[in-house]
Amino acid sequence: MKQIKRSICVLCSMFCLLCCVACAKEQTSETNTQTAQVDMQALQDVMLAADTTLPEMKVVTSEDEQAELNFSACSTFSYDRVASYFYAYAADGGPQEIIVVELKDGTDAAVLMNTFQEHLKERQGVLESYAPDQLAFIERAVIKQKGNCVTMIICEKSGLVQKAFEER
């Protein structure tokens, strides 16, 4: 009789454990689905419109034929961990840049943000040599995360562009 009770308890425990695992997987997939697709075109339009002082900007995206190569111009982050991105930069070679990257996994944000910090240091070095009057752009630069997205903003009105990013 004791052995039957133990068997029933073990079976009930295993059933409860399986139910918990199934619920956890369902919640995880719902979370990933909710954060997975950002309308990059709409976000790009809103962010670029937020700073009316921007010069003409060239834009490359994850939809372009050479998306991975273009991405490497602003980050050394592993491209296979990127879901989508847009990268706008001054057509005249000025310091203005706006980058938004949607990550496949939001836990990669810190690594991506570190590569953006490296990019800022490189830009600062170039500006110190060739255009020291534009170093203020680097001083006002913003690197922020929201959900699975990370942005780096280098422009005159970085606070307004940041607000547009956060309100998406």
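Rule-based calculations on the coordinates, nothing more; no lab input. Keep in mind it's a predicted model, so treat the numbers as computed, not measured. Glycine gets a Cβ as well: all are built from the backbone with ideal geometry, and neighbour counts include every protein chain shown.
Data overview
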{"item": "Using a Förster distance of 30 Å, the FRET efficiency for GLU68-GLU128 (Cβ separation, nearest 0.05)", "result": "0.50"}
{"item": "Fully extended contour minus Cα-Cα distance, from ASP92 to GLU167, at 0.36 nm per residue", "result": "24.1 nm"}
{"item": "Pair ARG140, GLU118: separation of 7 Å Cα→Cβ label points (nm)", "result": "2.8"}
{"item": "Sparsely packed trypsin sites (Lys or Arg not before Pro) within region 95-158, loop by DSSP, other Cβ within 10 Å at most 16", "result": "LYS104, ARG140, LYS157"}
{"item": "Residue list for region 46-74, given a label point 7 angstrom along the Cα-to-Cβ vector of GLN37 and an amide N cut-off under 16 Å", "result": "63"}
{"item": "Fewest-first sequence of LEU120, LEU112 by Cβ atoms within 10 Å of each Cβ", "result": "LEU120, LEU112"}
